[in-house]
Amino acid sequence: MDKRYVSIWFKHLRTDWFALAQPELKDVPFVLRTPSHGRMVISALNEVASGKGLGIGTALADARAVVPDLEVADDKPELAGKLLHRLAEWCIRFTPSVAIDLPDGILMDVSGCTHLWGGEQAYLSDIISQLSARGYNVSVAMADTIGVVWGMARFGKGSLIVPTSEDIQALVKLPPEALRLEEEVVERLHKLGLHTIGQFIKMSSSSLRRRFGQHFVMRLQQALGHEMEMLQTVQPAEPYQERLPCLEPIVTATGIEIALQQLLEALCSRMQREQKGLRKGIVKAYRVDSKVEQVEIRTTRPSNHVGHLFKLFQAKISGIAPGLGIELFTLDAPRVEEHIPAQSKVWEGSGTFEDERLSELIDRLASKFSGKNIHRYLPDEHYWPERSFRPASSLNEKPGTIWCTDKQRPLHILATPEPIEVTAPIPDYPPMLFRYKGKLHEIVKADGPERIEQEWWIQQGQHRDYYQVEDETGHRYWLFRLGHYDDANFQWFVHGFFA
Amino acid sequence: MPQKSDIVAQLQAEISRMEGFKPASSVSRDTALGPVSEAFPSGSFPVGAVHEFMPARSNDDAATTAFVAGLVASLMGTCGAALWISSSTKVFPPGLKHYGIEPDRVIFIDLKNEKDVKSAMEEALKCSALSAVIAEMQSLDFTSSRRLQLAVEQSQVTGFVLRNDHSLNATACVSRWKIASMESERVGTLPGIGFPRWKVELLRVRGGKPGAWEIKWMHGKFMHASQPAPSIQEQKRKVG
């Protein structure tokens, strides 16, 4: 069957994308800037700006002189690639083979697809109207070869559908730029007075190669369909999902376990191949009476270990009410992360923090007692005791700073400091006596004060003067005075206990 | 003909193996307990077993925690992990650093009730990836201590039970300790608080000799309280 191709040219891809977020940019001259050789130049511009005589590569200062009310935004280097990838994935609705054509186009192999839309005209109109509705200004062409379709989309006039085997007639009217050539070759062709492809298409290829190089001849042959050209099609990301339909409705826990085991084996073998691990998994059970039961698990580290994941799900099977029976199970892994299998140990011994068995234990405990009760702490750069550590987000998170050891900290601390009654002699001396929980403690030894100021950028309030004290029975306490000694309303607190 | 003492030693070793102790050669971790080590059957702190600790007075729990933290630090080494299970923990993570534990390698599990603490500890003790499991609980009865002991026999994890009551009921734990704070040791003639000192009583140890010692924590390790602290001049020489 003859091939048919479609080329979509996004005339103002990046500026259109900015205008989607800020619609007011649509009707004003708007450009993107990028640094080049120590100055800012225009790297993309919208319809209005190009109408005012600006072009890509113009220095931004010059452009501002011409168009004083110019709107400018910073260009992002990988924006076009990302946008095109997203658009290409969306275009899979038109044909299964879609390729990105950097910097501003998409190429599609539409052989055998157009009749589903009721003809080529209807097919192209649908593409144009759908993309315009999403805010993109596009030009779309259809022809037999990639070379022609590319040129037609960008430089074609009139109808952009080239009928089958009329490629050459369309090609001869196009300028040489339509052949995807380097700039200097195009310039040279124009200098020689060759303003359309028709003027040199009949020349012998050997003389053309001698003057313009191999690349030029290849592009021409590609346009004529004499040379093959491959599309690198976009592969849609396959979701991590498994389905298991049941012949007979399942009502027993054993049946659910078997289904779960099969789903997990299928999913884990795929994840093992791709070196991925599951962080969150959802099992849905579709019941005969069209109700859906659902259980969910989470792991602390990515895992693709069937036995472990099965155990996590097993603990929750009791939450699935089978009703009259379950006819379909699905297993989704909405959160999947990189998982490099650890090298197996030469010897089995007491493990390390990175050990897989540890994260599996934490998962089991988390599913039993709720993950909110499990904490790990990392140091934080604050002197204020309550802020000197922070909860870690995962088992893999490494401390960003060291644990401070220059000032001794108590081993036990009260969640909120408790007020105490104190007898203290003179300012900045440790107290002599204090009463805590109705018991009088006589202070024998003391260290301090260590003043810890409030961090004004976080919280306002008074400073604390900490003292380490030891009473007559050998118990050591961490006391502090909130505020200055000569303040009217200072208060003493006990905050912690030293060993 | 073998010596009588050899036969006795061999029999003792056999009995301790039947009781769940692994021979000392397979687990040679120095907990740096110094003089206390002689009380243990194999001459070193028994790992792969469950130990129970109780504070002598109600406000000695910080001292008990510190003593346990010092032991756990030597078990964790440079890359081990520990689990700290409790229903009402007061532990201040940065404070653990002083006793040689990297606080970010400890995972804290806060549970509502005693029963959950016990079942979580039992589950954790079965995981040989851990170096130590510490659980704070109100009391420990024989049945649950037996379950904990059975869990560690396979995995060789060391369990520490910090109990708050003072009942002397029988448990399956390998040892029972009672810790009390003592007046700290002054450094030379300097004012202020010196090195923390505790009265450590080993009330019961399977196959060993119970005793009582005065232990201090100095320069990141346990020391017998009678050992003199290095004088100021000596310390200065070390630093500078």
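The values are calculated or read from the model by the stated rules, or taken from the named source; none is laboratory data. Please read these numbers as outputs of a predicted model, since none were measured by experiment. Quick reminder, even Gly has a Cβ in these numbers, built from the backbone with ideal geometry, and neighbours come from all protein chains shown. What goes into the accessible areas is simple: the full protein's heavy atoms, side chains included, and nothing from ligands, DNA or RNA. Shrake-Rupley method; radii C 1.70, N 1.55, O 1.52, S 1.80 Å.
Which order do A:433, B:140, A:328 take when ranked by solvent-accessible area (1.4 Å probe, heavy atoms of all protein chains), largest first?
Details: A:433 55, B:140 5, A:328 30 Å².
So the residues, ranked largest to smallest area, are A:433, A:328, B:140.
Defining a contact as two alpha carbons under 8 Å apart and six or more residues distant in sequence, what relative contact order in percent does chain A show? Don't skip to the end; give the middle numbers.
Values: 836 pairs, mean separation 43.7, N = 499.
Relative CO of chain A lands at 9 percent.
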Charge-dipole axis of chain B as Lys and Arg at +1 and Asp and Glu at -1 on Cβ define it, positive-most pick from B:213, B:130, B:9: B:213
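Classify region B:38-132 from the C-alpha gyration tensor, please: rounded if a/c falls under 1.5, else prolate or oblate depending on whether a/b exceeds b/c.
Since a/c stays below 1.5, the shape of region B:38-132 is classed as rounded.
For region A:88-134, which chymotrypsin sites (Phe, Trp or Tyr not before Pro) are both in a DSSP coil and crowded by at most 14 other Cβ atoms within 10 Å? Don't skip to the end; give the middle numbers.
Working: sites: A:90, A:94, A:117, A:123; in loops: A:94.
Taking region A:88-134 and a limit of 14 other Cβ atoms within 10 Å, no loop chymotrypsin sites (Phe, Trp or Tyr not before Pro) are found.
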Sequence-distant lysines (8 or more away, or on other chains) whose Cα lies within less than 18 Å of residue A:445: A:407, B:216
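What is the dipole size for chain A, taken about its Cα centre, with +1 at each Lys and Arg Cβ and -1 at each Asp and Glu Cβ, in debye to the nearest 20? Walk me through the intermediate numbers first.
On the way: 58 positive and 65 negative charges, 208 e Å.
With Lys and Arg at +1 and Asp and Glu at -1, about 1000 debye.
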Neighbouring partner chain Cβ atoms per residue of A:409-421, average, 10 Å criterion: 4
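How long are the semi-axes of the equivalent ellipsoid of region B:94-235, taking √(5λ) for every eigenvalue λ of the Cα gyration tensor, in whole Å from largest down?
Numbers: eigenvalues 211, 69, 40 Å².
Taking √(5λ) for each eigenvalue gives 32, 19, 14 Å, largest first.
What does the charge dipole of region A:21-177 about its Cα centre add up to, to the nearest 20 debye, if the Cβ of each Lys and Arg holds +1 and the Cβ of each Asp and Glu holds -1? Let's see the in-between values first.
Numbers: 13 positive and 19 negative charges, 53 e Å.
Its charge dipole is roughly 260 debye.
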In region A:147-215, GluC sites (Glu not before Pro) in a DSSP loop with at most 15 other beta-carbon atoms within 10 Å: A:166, A:182
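Excluding residue A:401 itself, what net charge comes from residues whose Cβ is under 11 Å from its Cβ, given Lys and Arg +1 and Asp and Glu -1?
Working: positive: A:390, A:398; negative: A:380, A:381, B:104.
Net of charged neighbours comes to -1.
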Two-site FRET efficiency, residue B:209 against residue A:440, from Cβ-Cβ distance with R₀ of 41 Å, rounded to 0.05: 0.55
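Of the listed pairs A:276/A:316; A:439/B:199; B:4/B:126; A:291/B:118; A:372/B:97, which have alpha-carbon separations greater than 32 Å here?
Details: A:276/A:316 24 Å; A:439/B:199 23 Å; B:4/B:126 39 Å; A:291/B:118 38 Å; A:372/B:97 24 Å.
With Cα atoms farther than 32 Å apart: B:4/B:126; A:291/B:118.
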Protein heavy-atom accessible area occluded, B/A pair - total, 1.4 Å probe, Å²: 4400
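Sum up the charges of everything whose Cβ sits under 15 Å from the Cβ of residue A:51, counting Lys and Arg as +1 and Asp and Glu as -1, but leave residue A:51 out.
Numbers: positive: A:11, A:26, A:52; negative: A:27, A:47, A:69, A:71.
Computed value for this residue: -1.
Just reorder B:17, A:481, A:335 by solvent-accessible area, largest first, 1.4 Å probe, all chains present.
Largest accessible area first, the residues go B:17, A:335, A:481.
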Surface accessible to a 1.4 Å probe, residue B:57 within the full protein complex, Å²: 90
Net lengthening on full extension, residue A:384/residue A:215 (0.36 nm per residue, minus Cα-Cα): 54.0 nm
Average accessible area per residue (Å²) across chain B - probe 1.4 Å, nucleic acids and ligands excluded: 44
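So if I place +1 on the C-beta of Lys and Arg and -1 on the C-beta of Asp and Glu, and nothing else carries charge, what would the dipole magnitude of chain B be about its Cα centre? I want it in debye, nearest 20. Don't jump to the answer; show the numbers that get you there.
Working: 28 positive and 24 negative charges, 80 e Å.
With only Lys, Arg, Asp and Glu charged at Cβ, the dipole is about 380 debye.
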Within region A:74-154, GluC sites (Glu not before Pro) in DSSP loop having at most 12 other beta-carbon neighbours inside 10 Å: A:78
Whichever lysines have a C-alpha closer than 17 Å to that of residue A:157, once near sequence neighbours (fewer than 8 apart) are set aside: A:11, A:173
Cα coordinate range in region A:257-414, projected on the principal axes (Å, largest first): 65, 41, 25
Two-site label geometry, residue A:393 and residue A:292: point separation in nm, points 7 Å out along Cα→Cβ: 2.9
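First obtain the Kirkwood hydrodynamic radius of the protein assembly as shown from its Cα pairs, then insert it into the Stokes-Einstein equation at 20 °C and 1.002 mPa s, and state the resulting D in µm² per second as a whole number.
Working: Rh = 33.1 Å.
After rounding, the answer is 65 µm²/s.
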Eligible aspartates and glutamates near residue A:3 by straight Cα distance, threshold 17 Å, same-chain separation 8 or greater: A:109, A:120, A:144, A:166, A:167, A:227, A:229
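Classify region A:218-339 as rounded, prolate or oblate from the Cα gyration tensor: take a ≥ b ≥ c as the square roots of its eigenvalues, call it rounded if a/c is under 1.5, otherwise prolate when a/b beats b/c and oblate if not.
On the way: a/c = 3.71, a/b = 2.10, b/c = 1.77.
Cα axes put region A:218-339 in the prolate bin.
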For chain B, Kirkwood radius (reciprocal of mean inverse C-alpha pair distance, Å): 18.8
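Can you give the mean number of other chain Cβ atoms that lie within 10 Å of the Cβ atoms in peptide B:129-136?
Details: counts 14, 7, 4, 1, 0, 0, 0, 0.
If you average over the peptide's residues, the count of other-chain Cβ atoms is 3.
Report the convex hull volume per residue for region A:30-178, counting only C-alpha atoms, in Å³.
Numbers: hull volume 19.5 nm³, N = 149.
Considering the Cα atoms of region A:30-178, their hull volume per residue is 131 Å³.
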Residue-level accessible surface for residue A:416, protein heavy atoms, 1.4 Å, Å²: 100
Residue among A:433, A:91, B:93 farthest towards the positive dipole end of the protein assembly as shown, charges placed on Cβ: B:93
Peptide-level mean, for A:352-361, of C-beta atoms on other protein chains within 10 Å: 6
Charge-dipole axis of the protein assembly as shown as Lys and Arg at +1 and Asp and Glu at -1 on Cβ define it, positive-most pick from A:140, A:10, A:377: A:377
Prolate/oblate/rounded call for region B:107-150, Cα gyration tensor, a/c under 1.5 rounded: oblate
Solvent accessible area, Å² - residue A:291, 1.4 Å probe, full protein context: 120
